[in-house]
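**Student:** Next up is a structure, given as structure tokens.
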Amino acid sequence: MKTFVYIIIFVCLSFCSAAISQQADSPLVSGDFKNVPVDSFLVQLEQQTHYHFYFDTAQLGAVKINITAASQPLKTVLDKAFANTNIYYAFHKNNVFITKGLQVQTTLPQGFFSGKGDDKGAVANTIPDITSNTAESKSSAAENKLIIIGGNAGNSTDRFTIAGYIKDAKTGEPVMGASVSDQDSKAGTTTDQYGYFLLTLPKGHHTMVLQSIGMRDTKRQVLVQGDGTINIDMQPQVMALKRVIVSSEKASNIKSLQMGMQKIDIKTIKQVPVVFGEADVLKVVLTMPGVKSVGEASTGLNVRGGAADQNLILFNDATIYNPSHFFGLFSAFNPEVVKDVELYKASIPARYGGRLSSVLAINSREGNKKDLSGTAGIGLLTSRFNLEGPLKKDKSSFIIGARATYADWLLNLLPDQYKESKAGFYDINLNINHEINKKNTIYLTGYLSKDRFNLNSDTVYAYSNQNVSFKWKHLFNDKFYTLITTGFDRYDYSIFSDRNPVNAYTLGFNINQGYFRTHFNYYKSAKQTIEFGFNTNYYKLHPGTYKPLGKSSLVNLDAMQPEQALESALYISDKYNFNTAFSIEGGLRYSLFNYLGPSTVNHYVDGQPKTEDNMTGKTVYSSAKFIKTYGGPEVRLSGRYAFSPAFSLKAGYNTQRQYIHVLSNTAAMAPTDIWKLSDPNIKPQYGDQISLGLYKNLKSNTIETSVEVYYKRIKDYLDYKSGAVLVLNHHIETDVINTKGKAYGVELLVKKLTGKMNGWISYTYSRTLLKMDDPAAGEVINGGRYYPANYDKPHDVTFIGNYRFTHRFSVSLNATYSTGRPITLPVGRFYYEGAYRTLYADRNAYRIPDYFRTDFSMNIEGNHKVHQRFHNSWTIGVYNVTGRKNPYSVYFVSENGVVNGYKLSIFGSAIPFINYNVRF
Amino acid sequence: MKKIYIPIIAVLLFFACKEVFNPPVTSAVTGYLVVEGFINSGNGASTIKLTRTTKLVDSAATIYEHNAQVKIEDESNATYPLYERDSGNYVSDNLFLNPALKYRIHITTTNGDEYISDFTAVKQTPPIDSISWKVENGGVQIYVNAHDATNTTRYYQHKYSETWEFQSPFIKRITYVIDPVSSKIIGVTELPNADTSIFKCWRTQTPSNILLTSTEKLSEDKVFLPIRYIEPKGGELSILYYIEVRQYALSHEAYLFKQKLKKNTEQLGTIFDPQPSELGGNVHCITNPSQQVVGFVDVTQEQVAKLFINNKELTNWPQTIPCSEEVVENKPENYDPFLMPTHVYEYIGRNSIKSYYVADPICVDCTLRGTNVKPLFWP
């Protein structure tokens, strides 16, 4: 059946545009055919005539021919031979197409070029016998059908806008990021996250080519006569045993204005081997150039030299303050619910703001709109389950996913100091969407995650993310739509210890935010798209509440005053294509931050370091009082010049402001880190970045290569004085210092995402340097010189590879090398308090040994029968195949009076893993 | 699934690891002055110890600073000299400091550098109310109890030393005969008297962990510090155990300094390590202000409390460590220098040893775990 479809497609692609009528004269043929198989019959005919016969033996099957012909015309012989069968033939020049079930149409419908749109019926009639009911024939039928768009308006030189919506024919979910282009003029666009696109085409006939990852490439014949709409169903890519790969237009990296942007879909994410075998969104993001972390078990991402708190992590629309479970070993996102991940490192769209370094947008799937389906998976540490289906067929759907762990056994294997530890987590996702009508769609998203662990037996830590958001998409018309989003995000943690009854306590922290966002998208013309909108975000933080636990506890209640603020932004951005080669996007975002009462603010002597001794007094502000306002414009500029369809140059400049900061003086980001709002004593962070990139695609766009360079400055980044107290500090400004930072680097990427062998190799050279040289601010670090940040790893090479032996068996290999991270090593030793102790001086002057790791995995899928109820798959692999003891840290401790140095590796040997998944 | 799990778990057993790390040899010579000690506000002598920092890996154990001029100064310019008594320890006369004044230390080293500490107010240390203990999880937890009715002390440091008496499980009644020429064991012979000199011993330990307590967040200035936990059936309590706890009140600054010292040198090696930081102090070099000085000189006093715990106060607590002995034939191949003969099992005739008991020397010779010299204060 499939071969047949491709023949049809092939034939149509080759000849549909040629209008040549069927041959009237027919050569004469002779022969006595008795019980001759149809293929031999056709071969004999071919020998007797100058015609080429096209047919598929398998398709025609065991039909036998019983005719006698003596110098009869070919057509007559064929008519006789195929009488009473469902075999059809069609002539085109010297070619004869033999098909079963339906006839190849070699002519175009009447009026095809006349511009009359009312003979749609004639077109539909060209394939009269759609007997098979499969999706394949439907789609091939759809591909051949001429779709008339718009009333016949304007003259032949006018251009019209087609508004389209692409959905997955099987699940009814919108297809985002699909490429839509005109086959001849190459004009193209991609669908947005809701599956919508706008394309401007000149009047006349066009072949629209539609491509998306995980979907079958398809086409639509359209006759554009005016502005109009088109709805397209794409068939999901069922693993075909042989298929035609059309990969001519996959050049969005060349065409888009975005630079420093990476998009990874869940399929790619699932191929990358990770420790414990559970597909991990954040670990794959870490393999992208320019993204680093302090070490294996740490949560934070450091994007282009930014700190871990400088990334805006959005799960659908919700801000996730702690994106990890279990000390950073797992990311907080259930891979069964995630659809794809977008990371913006440089040209951050104007609609995003509030963080200096990056935006990581994690999009979840919408749920199957046709049938109830689901997946379940079992791994060594976690199990997961998800269920999706229609609430109202084709109109609304839900997806619910849950994950839980049983990891205590693992902790017993950790180093001695973690013995008797316990840890557990779970997370739940729920998405509901409903299409009210063609113009209005609503989305409801909920997310809940909870972690609880104790690292040694007496103190228990727990943290939780809670998010809910509601979104309404409204189309005013085909060119103009709006998104209105509102929601609530909360992150909290608590610690409690009850071993010592006198000191038994609980310590709680939470951050709450409610937001309202409107976004407008106006597609003015093929040359220009304008986006604008308004965001506002109300923060309420409880930076620490320390409470007694139990009757005998003498602990005094110590509650930090709550903090509240309003962060708002107005933005507009304009994308303008001067021509196919040159386009520019300019964005301006004006952000405003109001620190609100009630609050008591400390005052310090002007020009003096903020210390307790220099504290001059306090001012009490009442509720809702605007205590301090910060704000300013943020610029987002990017430009692209395409030298050829496969080679472009892009440049960008952007500035960012950040009003919320993490207080942490640990090397890795800890779940118990406290977030702090800017206030009259703590200035917002400010950063800008200039970047330049070259993009070249090779081998018909199947290989993408890029080189990007960047230079970034950071101002008023928070660092800490030696021995700073961060928890329950009522005058935190006395313990922090504002530092300056600079980061620069080159990122090289070669990426191949199609074919049997796919994957990417990236190399990054980057430096991140910080500097604190203002003696008036208190302490200077390293004598006021630049010093490397904790995550400054100059060289970084990553290889991610996947080789598909068959459609059911593939192997993945990844390898990563990076320079060891900087650490502060002791410079000397002294005897004090009964023991030899270490003396530290220059911060981050040494490096731990280099990091190298190779992981391997095999993905084995069960059979691919489309209609079976359950689809199984196994992932088996080894993390850190070479067993290299990559150091996480090097440290020196005084033990029994002497100084001992140790190197701690988190995963110091090869770790095998296995995962079982079932899809139903 | 079960079948697959078992080997995997076995492999996973070894995955996280900690290895000894040898630091780079190229560490710089520092030689900063290290000032340790406190100005005694408790009507006694003050002792200040002066040493120098060394390279991280250095053949010298400790470099003492000799022949410095050290004096205590008060705000009214009165000075009280300290004299070097032994290696780097400078001791004053018994002083009666005025609690209303602030004091500092003033050091002039032989190379001409002058150092002073910040003037610091006098802290009085409240006495230790008691040392208590109770059985917890089968072991013994010892607590320090103290309070300050005026709620002004707030920051405490505790140090302790402990001594316990213990006995060898086996008494040595026979011994190897050593050939004086070849130094080889040639036989076993009975001792005229059992060797009691290695039967009963004492062991003293002074842990060097910095123990800090803050009552800052408590409604009362009350210390309830679990200072020492003795594991179930631990040898410390096999006969008689003694603990001596010393308590010091700290200024807030001294508390922060010691906490930083503790974090830098004891509390490392976790996943969320705080970053080690430069260690200042309240002593500064006035002749070369950029020179780093290590140390914090507080004005405080020492309070001591003691406690004995007798094995009889406990129930079901063994009086010796678990040990076993075995019988061997009196043959040259059984003369193992790593085992110790204890007593005869069987004779041949009247005096000839046919077979005898041997045990691990640690079960016989108590001096391998302590000293057989009874401490002066021992009852």
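All of the numbers you see were taken from the coordinates with simple rules; none came from a lab. Small disclaimer: the values here were computed from a predicted structure and weren't measured. No Cβ is skipped: glycine too gets one built from the backbone with ideal geometry, and neighbour counts run over all protein chains shown.
**Student:** Where a ≥ b ≥ c are the square roots of the eigenvalues of the C-alpha gyration tensor, would you call chain B rounded, which needs a/c under 1.5, or, failing that, prolate if a/b is larger than b/c, or oblate?
**Tutor:** Prolate, because a/c is 1.5 or more and a/b exceeds b/c.
**Student:** Taking the beta-carbon count within 10 Å as an exposure proxy, list A:348, A:848, A:860 from fewest neighbours to most.
**Tutor:** Ranking A:348, A:848, A:860 by Cβ neighbours within 10 Å, fewest first, gives A:860, A:848, A:348.
**Student:** I would also like to ask the following. Which residue, chosen from A:769, A:335, B:255, occupies the Cα position most advanced towards the positive end of the dipole of the protein assembly as shown, where the dipole is computed from +1 (Lys, Arg) and -1 (Asp, Glu) charges on Cβ about the Cα centre?
**Tutor:** Comparing the listed Cα positions along the dipole, A:335 ranks first.
**Student:** So, one more: Run the dipole for the protein assembly as shown about the Cα centre, Lys and Arg Cβ at +1, Asp and Glu Cβ at -1, nothing else charged, and hand back the magnitude in debye, nearest 20.
**Tutor:** The calculation lands at about 4440 debye.
**Student:** Averaging sequence separations of C-alpha pairs under 8 Å and six or more residues apart, then dividing by the length of chain A, give the relative contact order as a whole percent.
**Tutor:** 8 percent
**Student:** Just tell me which lysines come within less than 18 Å, Cα to Cα, of residue B:217; anything on the same chain fewer than 8 places away is out.
**Tutor:** A:547, A:551
**Student:** How would you rank A:177-184, A:573-580, highest first, on the average number of other Cβ atoms within 10 Å across their residues?
**Tutor:** Output ranking for A:177-184, A:573-580: A:177-184, A:573-580.
**Student:** Over the Cα atoms of segment A:424-543, each weighted equally, I'd like the Debye log10 I(q)/I(0) at q = 0.14, 0.18, 0.22 Å⁻¹, rounded to two decimals.
**Tutor:** -0.76, -0.99, -1.19
**Student:** Using only the Cα atoms, work out Rg/Rh for segment A:601-717, with Rh taken as the Kirkwood radius, to two decimals.
**Tutor:** With Rh from the inverse mean 1/r over Cα pairs, Rg/Rh is 1.19.
**Student:** Okay, next question. With each pseudo-label sitting 7 Å past Cα toward Cβ, what's the residue A:63-residue B:206 distance in nm, one decimal?
**Tutor:** For residue A:63 paired with residue B:206, the spin-label model returns 10.5 nm.
**Student:** Residue separation times 0.36 nm, minus the C-alpha to C-alpha distance between residue A:229 and residue A:688: what's the value?
**Tutor:** Contour length minus Cα-Cα distance gives 161.1 nm.
**Student:** I've got another one for you. Could you rank the peptides A:781-794, B:351-364 by their average count of other C-beta atoms within 10 Å per residue, with the highest value first?
**Tutor:** So the peptides A:781-794, B:351-364, ranked by packing, come out A:781-794, B:351-364.
**Student:** To continue, here is another question. Could you compute the net charge surrounding residue B:141? Neighbours are other residues with a C-beta less than 12 Å from the C-beta of residue B:141; K and R count +1, D and E count -1.
**Tutor:** Cβ neighbours under 12 Å give a net charge of +1.
**Student:** Sticking with this one: Highest GNM mean-square fluctuation, chain B, Cα pairs closer than 10 Å: which of B:288, B:89, B:311?
**Tutor:** The residue that fluctuates most here is B:288.
**Student:** Around residue A:608, under 13 Å between beta carbons, what's the net of Lys plus Arg minus Asp minus Glu among the other residues?
**Tutor:** Once positives and negatives cancel, what remains is -4.
**Student:** Okay, next question. Evaluate peptide A:817-828: per residue, the Cβ atoms of other protein chains within 10 Å of its Cβ; return the mean as an integer.
**Tutor:** Average per residue, whole number: 4.
**Student:** Are there trypsin sites (Lys or Arg not before Pro) in segment A:701-780 that DSSP marks as loop and that have at most 16 other Cβ atoms within 10 Å, and which are they?
**Tutor:** A:756
**Student:** With N set to the number of residues, divide the alpha-carbon radius of gyration of the protein assembly as shown by 2.2 N^0.38 Å and report two decimals.
**Tutor:** The value comes to 1.19.
**Student:** So, with +1 on the Cβ of K and R and -1 on the Cβ of D and E, and no other charges, what is the size of the charge dipole of segment B:249-379 about its Cα centre, to the nearest 20 debye?
**Tutor:** It works out to roughly 380 debye.
**Student:** Still on this structure: In whole Å, how far is the Cα centre of segment B:94-114 from that of segment A:553-619?
**Tutor:** 48 Å
**Student:** Reported to two decimal places, what Rg/Rh ratio describes segment A:737-840 when computed on Cα atoms with Rh from the Kirkwood expression?
**Tutor:** Ratio of gyration radius to Kirkwood radius: 1.24.
**Student:** For segment B:25-122, what does the alpha-carbon gyration tensor say about shape, rounded, prolate or oblate, given a ≥ b ≥ c as the root eigenvalues, a/c under 1.5 as rounded, and a/b over b/c as prolate?
**Tutor:** prolate
**Student:** What aspartates and glutamates sit close enough to residue A:339 to cross-link, taking a C-alpha to C-alpha distance under 12 Å and skipping anything fewer than 8 places away on the same chain?
**Tutor:** List returned: A:173, A:265, A:366.
**Student:** In debye, nearest 20: dipole of segment A:261-919 around its Cα centre with unit charges on the Cβ of K, R (+) and D, E (-)?
**Tutor:** 2160 debye
**Student:** With a length cut of 24 Å (Cα positions projected on each helix's long axis) and a Kyte-Doolittle mean of at least 1.6, go through chain A and give me the DSSP H helices that pass.
**Tutor:** none
**Student:** Across the residues of B:290-296, average count of Cβ atoms on other protein chains within 10 Å?
**Tutor:** Rounded to a whole number, the mean comes out at 2.
**Student:** Write out the trypsin sites (Lys or Arg not before Pro) in segment A:788-846 meeting two conditions: DSSP loop, and at most 14 other Cβ atoms within 10 Å of their Cβ.
**Tutor:** Loop-located and lightly packed - A:808.
**Student:** Here is a follow-up. Can you give me the C-alpha center-to-center distance between segment A:517-546 and segment A:349-397, rounded to a whole angstrom?
**Tutor:** 22 Å
**Student:** Let me ask something else. With r as the distance between the Cβ atoms of residue A:649 and residue A:754 and R0 = 30 Å, compute the FRET efficiency 1/(1 + (r/R0)^6) and round to 0.05.
**Tutor:** The pair residue A:754/residue A:649 has a calculated efficiency of 0.75.
**Student:** I need the peptides B:178-185, B:200-207 ranked by packing, meaning the mean over residues of other C-beta atoms within 10 angstrom, with the highest value on top.
**Tutor:** Put in order of decreasing packing, that is B:200-207, B:178-185.
**Student:** Shifting gears a bit: Would you tally the net charge around residue A:902, using a Cβ to Cβ cut-off of less than 11 Å, leaving residue A:902 out, and scoring K and R as +1, D and E as -1?
**Tutor:** 0
**Student:** For segment A:647-724 and segment A:200-232, what is the separation of their C-alpha centers, rounded to whole Å?
**Tutor:** Cα centroid of segment A:647-724 versus Cα centroid of segment A:200-232: 39 Å apart.
**Student:** Would you please classify the overall shape of segment A:261-919 from the alpha carbon gyration tensor, given that a ≥ b ≥ c denote the square roots of the eigenvalues, rounded means a/c under 1.5, and beyond that prolate means a/b larger than b/c while oblate covers the rest?
**Tutor:** Cα axes put segment A:261-919 in the rounded bin.
**Student:** Past the 29 Å Cα-Cα mark, which pairs from A:263/A:756; A:752/A:793; A:903/B:258; A:438/A:752?
**Tutor:** Too far apart for the 29 Å limit: A:438/A:752.
**Student:** Looking at chain B, identify the longest residue range that excludes and avoids all GluC sites (Glu not before Pro) in DSSP loops having at most 14 other Cβ atoms within 10 Å.
**Tutor:** B:221-379
**Student:** Right, next: Please give the average number of partner chain Cβ atoms lying within 10 Å of the Cβ of each residue in A:499-508, rounded to a whole number.
**Tutor:** Shielding by partners across A:499-508 averages 3.
**Student:** Still on this structure: Can you pick out the pairs among A:267/A:751; A:292/A:422; A:712/A:751; A:450/B:263; A:699/A:751; A:771/B:263 whose Cα atoms lie more than 19 Å from each other?
**Tutor:** A:292/A:422; A:712/A:751; A:450/B:263; A:771/B:263
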